[in-house]
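First up is the structure itself, then whatever we jot down about it.
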Amino acid sequence: MIQLTVDAAGLARSRFAVSPLHEVTATLLPWGLRPADDADPWVARARRVLRRARLPLLGALALDGGGYVPDFLSPHPAGPSPTVEEELDRVRATPPERVLGELEALRHGRPRNGLAGAELPPEVRRLMDRGGTYVARQAAAELRRYWDLAFAPHWEAAQAALEAEVDRCAGALARRGAAGLFNSLHPGIRWTEATLRIDSRFSVALPAPLVVVVPSLVAPGPAVAVDPVKGGSRPPIVTYPVRRDRGTAPSSAPSAELARLLGPTRAGLLAALARPASTAQLAAHHFLSPATVSYHLGILHKAGLVARARSGRAVLYRRTPQGSRLTERT
(Lines give C-alpha, C1' and ligand atoms only; values in the text may rest on other atoms or scores of the structure.)
Protein backbone atom coordinates (compact mmCIF):
# COMPACT_ATOMS: atom_id res chain seq x y z
CA MET A 1 0.00 0.00 0.00
CA ILE A 2 1.26 3.49 -0.91
CA GLN A 3 -0.09 6.38 1.14
CA LEU A 4 0.32 9.98 0.00
CA THR A 5 -0.75 12.67 2.44
CA VAL A 6 -1.84 15.79 0.58
CA ASP A 7 -2.91 18.96 2.40
CA ALA A 8 -5.33 21.55 1.02
CA ALA A 9 -2.57 23.57 -0.67
CA GLY A 10 -1.12 20.43 -2.25
CA LEU A 11 -4.54 19.37 -3.44
CA ALA A 12 -5.01 22.77 -5.07
CA ARG A 13 -1.68 22.35 -6.92
CA SER A 14 -2.38 18.78 -8.05
CA ARG A 15 -3.14 18.32 -11.73
CA PHE A 16 -3.76 15.87 -14.54
CA ALA A 17 -1.51 15.39 -17.56
CA VAL A 18 -1.40 13.33 -20.75
CA SER A 19 2.17 12.19 -21.37
CA PRO A 20 3.45 10.35 -24.45
CA LEU A 21 6.68 9.21 -22.79
CA HIS A 22 4.82 7.82 -19.78
CA GLU A 23 2.99 5.53 -22.20
CA VAL A 24 6.29 4.57 -23.84
CA THR A 25 8.03 3.84 -20.53
CA ALA A 26 5.03 1.89 -19.24
CA THR A 27 5.70 -0.75 -21.90
CA LEU A 28 9.15 -1.31 -20.35
CA LEU A 29 7.43 -2.53 -17.20
CA PRO A 30 6.03 -6.08 -16.99
CA TRP A 31 2.78 -4.59 -18.28
CA GLY A 32 4.41 -4.45 -21.70
CA LEU A 33 4.78 -8.23 -21.74
CA ARG A 34 1.40 -8.95 -20.16
CA PRO A 35 -0.99 -6.17 -21.21
CA ALA A 36 -4.56 -6.15 -20.01
CA ASP A 37 -7.06 -8.20 -22.01
CA ASP A 38 -8.77 -5.05 -23.30
CA ALA A 39 -5.55 -3.21 -24.18
CA ASP A 40 -5.18 -1.84 -27.68
CA PRO A 41 -3.29 -4.20 -30.02
CA TRP A 42 -0.39 -1.76 -30.42
CA VAL A 43 0.37 -2.12 -26.69
CA ALA A 44 0.99 -5.84 -27.09
CA ARG A 45 3.14 -5.23 -30.18
CA ALA A 46 5.39 -2.62 -28.57
CA ARG A 47 7.75 -5.06 -26.83
CA ARG A 48 8.20 -7.01 -30.07
CA VAL A 49 9.24 -3.77 -31.74
CA LEU A 50 11.66 -3.09 -28.87
CA ARG A 51 13.33 -6.48 -29.35
CA ARG A 52 13.72 -6.05 -33.10
CA ALA A 53 14.86 -2.41 -33.11
CA ARG A 54 18.22 -2.98 -31.38
CA LEU A 55 17.80 -0.38 -28.66
CA PRO A 56 20.50 -1.49 -26.19
CA LEU A 57 19.73 0.85 -23.27
CA LEU A 58 15.95 0.48 -23.35
CA GLY A 59 16.27 -3.24 -23.93
CA ALA A 60 18.57 -3.58 -20.90
CA LEU A 61 16.19 -1.59 -18.68
CA ALA A 62 12.98 -3.35 -19.75
CA LEU A 63 11.60 -5.61 -17.03
CA ASP A 64 10.27 -9.15 -17.21
CA GLY A 65 9.41 -9.26 -13.51
CA GLY A 66 9.49 -6.83 -10.61
CA GLY A 67 11.87 -3.94 -10.41
CA TYR A 68 12.29 -0.29 -11.26
CA VAL A 69 12.57 1.60 -14.54
CA PRO A 70 14.46 4.91 -14.07
CA ASP A 71 12.17 7.90 -14.01
CA PHE A 72 14.33 10.15 -16.19
CA LEU A 73 12.99 8.17 -19.17
CA SER A 74 9.56 9.70 -18.50
CA PRO A 75 10.04 13.19 -17.03
CA HIS A 76 7.34 14.95 -15.06
CA PRO A 77 4.93 16.45 -17.60
CA ALA A 78 5.65 20.18 -17.77
CA GLY A 79 2.08 20.96 -18.81
CA PRO A 80 -1.28 19.30 -19.32
CA SER A 81 -0.41 17.72 -22.68
CA PRO A 82 3.26 17.99 -23.69
CA THR A 83 4.36 16.81 -27.12
CA VAL A 84 6.78 13.93 -27.48
CA GLU A 85 9.42 16.39 -28.76
CA GLU A 86 9.07 18.51 -25.62
CA GLU A 87 9.46 15.45 -23.43
CA LEU A 88 12.45 14.13 -25.38
CA ASP A 89 14.14 17.52 -24.94
CA ARG A 90 13.65 17.16 -21.20
CA VAL A 91 15.15 13.66 -21.23
CA ARG A 92 18.25 15.02 -23.01
CA ALA A 93 18.50 17.86 -20.50
CA THR A 94 18.25 15.63 -17.40
CA PRO A 95 21.00 16.65 -14.95
CA PRO A 96 23.74 14.00 -15.07
CA GLU A 97 23.64 13.53 -11.31
CA ARG A 98 19.92 12.74 -11.55
CA VAL A 99 20.54 10.14 -14.28
CA LEU A 100 23.30 8.40 -12.33
CA GLY A 101 21.39 8.70 -9.04
CA GLU A 102 18.37 6.90 -10.49
CA LEU A 103 20.54 4.17 -11.98
CA GLU A 104 22.17 3.72 -8.57
CA ALA A 105 18.67 3.48 -7.09
CA LEU A 106 18.06 0.67 -9.56
CA ARG A 107 21.20 -1.06 -8.31
CA HIS A 108 20.49 -0.68 -4.59
CA GLY A 109 16.68 -0.70 -4.55
CA ARG A 110 14.63 0.42 -1.56
CA PRO A 111 14.44 -2.74 0.56
CA ARG A 112 12.49 -1.04 3.36
CA ASN A 113 9.74 -0.23 0.86
CA GLY A 114 9.71 -3.62 -0.84
CA LEU A 115 11.89 -2.77 -3.87
CA ALA A 116 14.84 -5.12 -4.20
CA GLY A 117 18.07 -4.03 -5.82
CA ALA A 118 19.24 -5.45 -9.12
CA GLU A 119 22.57 -5.97 -10.81
CA LEU A 120 23.02 -3.39 -13.54
CA PRO A 121 23.26 -4.94 -17.02
CA PRO A 122 26.71 -4.64 -18.63
CA GLU A 123 25.40 -2.27 -21.32
CA VAL A 124 24.09 0.12 -18.65
CA ARG A 125 27.39 0.04 -16.76
CA ARG A 126 29.32 0.83 -19.94
CA LEU A 127 27.11 3.82 -20.66
CA MET A 128 27.39 5.05 -17.05
CA ASP A 129 31.17 5.06 -17.42
CA ARG A 130 30.73 7.73 -20.10
CA GLY A 131 28.75 9.97 -17.73
CA GLY A 132 25.17 10.89 -16.98
CA THR A 133 24.91 13.36 -19.88
CA TYR A 134 25.87 10.66 -22.37
CA VAL A 135 23.29 8.27 -20.88
CA ALA A 136 20.57 10.92 -21.13
CA ARG A 137 21.34 11.61 -24.79
CA GLN A 138 21.45 7.90 -25.61
CA ALA A 139 18.13 7.41 -23.84
CA ALA A 140 16.51 10.24 -25.80
CA ALA A 141 17.79 8.84 -29.10
CA GLU A 142 16.47 5.35 -28.35
CA LEU A 143 13.14 6.67 -27.07
CA ARG A 144 12.76 8.65 -30.29
CA ARG A 145 13.28 5.53 -32.41
CA TYR A 146 11.02 3.39 -30.22
CA TRP A 147 8.34 6.09 -30.43
CA ASP A 148 8.54 6.32 -34.22
CA LEU A 149 8.32 2.56 -34.69
CA ALA A 150 5.75 1.56 -32.07
CA PHE A 151 3.73 4.58 -30.93
CA ALA A 152 3.60 7.41 -33.46
CA PRO A 153 1.09 5.73 -35.83
CA HIS A 154 -1.37 5.27 -32.95
CA TRP A 155 -0.83 8.38 -30.86
CA GLU A 156 -3.55 10.60 -32.32
CA ALA A 157 -6.27 8.13 -31.36
CA ALA A 158 -4.61 7.31 -28.04
CA GLN A 159 -4.20 10.98 -27.15
CA ALA A 160 -7.84 11.68 -27.98
CA ALA A 161 -8.94 8.87 -25.65
CA LEU A 162 -6.72 10.15 -22.84
CA GLU A 163 -7.81 13.77 -23.34
CA ALA A 164 -11.44 12.63 -23.21
CA GLU A 165 -10.69 10.92 -19.90
CA VAL A 166 -9.20 14.14 -18.51
CA ASP A 167 -12.36 15.96 -19.60
CA ARG A 168 -14.41 13.34 -17.78
CA CYS A 169 -12.35 13.93 -14.66
CA ALA A 170 -12.90 17.67 -14.91
CA GLY A 171 -16.63 17.02 -14.86
CA ALA A 172 -16.29 14.65 -11.92
CA LEU A 173 -14.32 17.28 -9.99
CA ALA A 174 -16.94 19.95 -10.68
CA ARG A 175 -19.84 17.73 -9.69
CA ARG A 176 -18.38 15.56 -6.90
CA GLY A 177 -15.35 17.39 -5.53
CA ALA A 178 -11.76 16.16 -5.18
CA ALA A 179 -12.61 13.14 -3.03
CA GLY A 180 -15.28 12.01 -5.48
CA LEU A 181 -12.88 12.50 -8.37
CA PHE A 182 -10.06 10.41 -6.90
CA ASN A 183 -12.48 7.69 -5.83
CA SER A 184 -13.78 7.50 -9.42
CA LEU A 185 -10.39 6.73 -11.00
CA HIS A 186 -9.93 3.07 -10.09
CA PRO A 187 -11.02 0.67 -7.31
CA GLY A 188 -7.37 0.52 -6.20
CA ILE A 189 -7.23 4.29 -5.58
CA ARG A 190 -9.04 5.72 -2.58
CA TRP A 191 -9.15 9.16 -0.97
CA THR A 192 -9.91 9.31 2.76
CA GLU A 193 -9.01 11.88 5.40
CA ALA A 194 -6.54 13.88 3.27
CA THR A 195 -4.67 10.70 2.27
CA LEU A 196 -4.51 9.11 -1.16
CA ARG A 197 -4.16 5.33 -0.80
CA ILE A 198 -3.04 3.29 -3.80
CA ASP A 199 -2.93 -0.50 -3.85
CA SER A 200 0.65 -1.63 -4.45
CA ARG A 201 3.10 -4.37 -3.60
CA PHE A 202 5.38 -1.60 -2.33
CA SER A 203 5.00 0.02 1.07
CA VAL A 204 5.48 3.79 1.13
CA ALA A 205 3.96 6.54 3.27
CA LEU A 206 5.00 10.13 2.72
CA PRO A 207 3.66 13.67 2.53
CA ALA A 208 3.18 14.95 -1.01
CA PRO A 209 3.40 18.66 -1.93
CA LEU A 210 1.14 17.82 -4.89
CA VAL A 211 0.20 14.85 -7.05
CA VAL A 212 0.46 14.60 -10.84
CA VAL A 213 -2.17 12.20 -12.16
CA VAL A 214 -1.51 10.52 -15.53
CA PRO A 215 -4.17 8.36 -17.22
CA SER A 216 -2.79 5.47 -19.26
CA LEU A 217 -3.91 3.10 -21.99
CA VAL A 218 -0.95 0.81 -21.22
CA ALA A 219 -1.14 0.35 -17.44
CA PRO A 220 -3.49 -2.48 -16.35
CA GLY A 221 -3.63 -1.15 -12.78
CA PRO A 222 -2.72 1.88 -10.67
CA ALA A 223 0.91 2.71 -9.94
CA VAL A 224 2.87 5.44 -8.19
CA ALA A 225 6.30 6.84 -9.07
CA VAL A 226 8.03 8.42 -6.07
CA ASP A 227 11.45 10.05 -6.16
CA PRO A 228 14.01 7.23 -5.72
CA VAL A 229 17.01 9.51 -5.26
CA LYS A 230 18.16 10.13 -1.72
CA GLY A 231 17.15 13.64 -0.70
CA GLY A 232 15.05 14.09 -3.85
CA SER A 233 11.88 16.14 -3.62
CA ARG A 234 10.12 15.44 -6.92
CA PRO A 235 6.34 15.13 -6.46
CA PRO A 236 4.82 11.69 -6.95
CA ILE A 237 3.06 10.66 -10.15
CA VAL A 238 -0.04 8.48 -9.92
CA THR A 239 -0.84 6.46 -13.05
CA TYR A 240 -4.11 4.64 -13.54
CA PRO A 241 -5.67 2.68 -16.42
CA VAL A 242 -8.32 4.14 -18.68
CA ARG A 243 -11.04 1.69 -19.59
CA ARG A 244 -11.63 1.40 -23.30
CA ASP A 245 -15.30 2.29 -22.89
CA ARG A 246 -14.41 5.70 -21.39
CA GLY A 247 -12.46 7.18 -24.23
CA THR A 248 -13.18 5.11 -27.31
CA ALA A 249 -16.10 5.00 -29.63
CA PRO A 250 -18.84 2.54 -28.61
CA SER A 251 -19.70 -0.39 -30.81
CA SER A 252 -23.43 0.34 -31.24
CA ALA A 253 -24.72 -0.53 -34.71
CA PRO A 254 -27.08 1.70 -36.67
CA SER A 255 -30.60 0.54 -37.42
CA ALA A 256 -31.54 -0.55 -40.93
CA GLU A 257 -33.82 2.49 -41.25
CA LEU A 258 -31.01 4.89 -40.33
CA ALA A 259 -28.65 3.17 -42.79
CA ARG A 260 -31.22 3.57 -45.59
CA LEU A 261 -31.72 7.23 -44.70
CA LEU A 262 -28.09 8.33 -44.37
CA GLY A 263 -26.18 5.54 -46.05
CA PRO A 264 -24.38 2.80 -44.09
CA THR A 265 -21.12 4.70 -43.51
CA ARG A 266 -22.65 7.92 -42.19
CA ALA A 267 -25.22 5.97 -40.18
CA GLY A 268 -22.45 3.91 -38.56
CA LEU A 269 -20.47 7.01 -37.67
CA LEU A 270 -23.50 8.76 -36.20
CA ALA A 271 -24.40 5.69 -34.13
CA ALA A 272 -20.82 5.55 -32.79
CA LEU A 273 -20.83 9.14 -31.59
CA ALA A 274 -22.81 8.73 -28.39
CA ARG A 275 -19.45 9.55 -26.76
CA PRO A 276 -16.82 11.96 -28.12
CA ALA A 277 -14.36 10.50 -30.59
CA SER A 278 -11.71 11.81 -32.96
CA THR A 279 -11.42 11.19 -36.68
CA ALA A 280 -8.52 8.79 -36.03
CA GLN A 281 -10.49 6.81 -33.45
CA LEU A 282 -13.48 6.48 -35.75
CA ALA A 283 -11.25 5.50 -38.67
CA ALA A 284 -9.64 2.70 -36.65
CA HIS A 285 -12.97 1.56 -35.22
CA HIS A 286 -14.75 1.41 -38.60
CA PHE A 287 -11.75 0.31 -40.72
CA LEU A 288 -11.94 3.46 -42.85
CA SER A 289 -9.31 5.97 -43.90
CA PRO A 290 -9.19 9.22 -41.89
CA ALA A 291 -9.97 11.15 -45.10
CA THR A 292 -13.16 9.12 -45.64
CA VAL A 293 -14.26 9.64 -42.03
CA SER A 294 -13.53 13.37 -42.26
CA TYR A 295 -15.63 13.65 -45.42
CA HIS A 296 -18.67 11.96 -43.89
CA LEU A 297 -18.33 13.83 -40.61
CA GLY A 298 -18.33 17.09 -42.59
CA ILE A 299 -21.67 16.19 -44.13
CA LEU A 300 -23.13 15.18 -40.75
CA HIS A 301 -21.82 18.41 -39.24
CA LYS A 302 -23.41 20.57 -41.97
CA ALA A 303 -26.70 18.74 -41.37
CA GLY A 304 -26.53 19.61 -37.65
CA LEU A 305 -26.32 15.97 -36.60
CA VAL A 306 -22.85 16.14 -35.02
CA ALA A 307 -20.89 18.85 -33.23
CA ARG A 308 -17.15 19.21 -32.92
CA ALA A 309 -14.97 20.75 -30.22
CA ARG A 310 -11.27 20.91 -29.54
CA SER A 311 -9.92 18.90 -26.59
CA GLY A 312 -6.22 19.62 -26.12
CA ARG A 313 -4.67 19.03 -29.53
CA ALA A 314 -7.45 16.75 -30.73
CA VAL A 315 -10.81 17.62 -32.32
CA LEU A 316 -13.58 15.44 -30.92
CA TYR A 317 -16.96 14.84 -32.55
CA ARG A 318 -20.20 14.04 -30.76
CA ARG A 319 -23.85 13.65 -31.71
CA THR A 320 -26.01 16.73 -31.27
CA PRO A 321 -29.43 16.40 -29.62
CA GLN A 322 -30.89 16.38 -33.16
CA GLY A 323 -28.54 13.55 -34.13
CA SER A 324 -29.46 11.58 -31.00
CA ARG A 325 -33.17 11.99 -31.69
CA LEU A 326 -32.68 10.74 -35.23
CA THR A 327 -30.82 7.61 -34.10
CA GLU A 328 -33.47 6.89 -31.46
CA ARG A 329 -36.41 7.30 -33.83
CA THR A 330 -35.07 5.25 -36.73
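Structure above, values below:
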quantity	calculated
Anisotropy class of segment 1-117 from Cα gyration tensor, a/c 1.5 cut	rounded
Given (i) 18.9; (ii) 17.4; (iii) 20.6, the label whose value is mean projected area of the Cα convex hull in nm² derived from this model	(ii)
Dipole-positive endmost among 29, 69, 56 within segment 12-110 (Cβ charges, Cα centre)	56
Considering only the chain, percent of DSSP beta bridges that pair antiparallel, nearest 5	65
Accessible-area order (highest first, 1.4 angstrom probe) of the listed residues 227, 7	7, 227
The chain, helix-only ellipticity at 222 nm - DSSP H runs n ≥ 4, -39,500 (n - 2.57), divided by all residues, nearest 500	-14000 deg cm²/dmol
Segment 123-208: C-alpha gyration tensor shape, a/c 1.5 cut-off, then a/b vs b/c	oblate
Net length gained if the chain between residue 261 and residue 308 were fully extended (0.36 nm per residue, minus Cα distance)	14.7 nm
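The values are calculated or read from the model by the stated rules, or taken from the named source; none is laboratory data. Given the structure is predicted, the values throughout are model-derived calculations rather than measurements. Here the Cβ is made from the backbone with ideal geometry for all residues, glycine too, and neighbour counts use every protein chain on show. These accessible areas exclude ligands, DNA and RNA; they are computed on the full protein's heavy atoms, side chains included. Shrake-Rupley method; radii C 1.70, N 1.55, O 1.52, S 1.80 Å.
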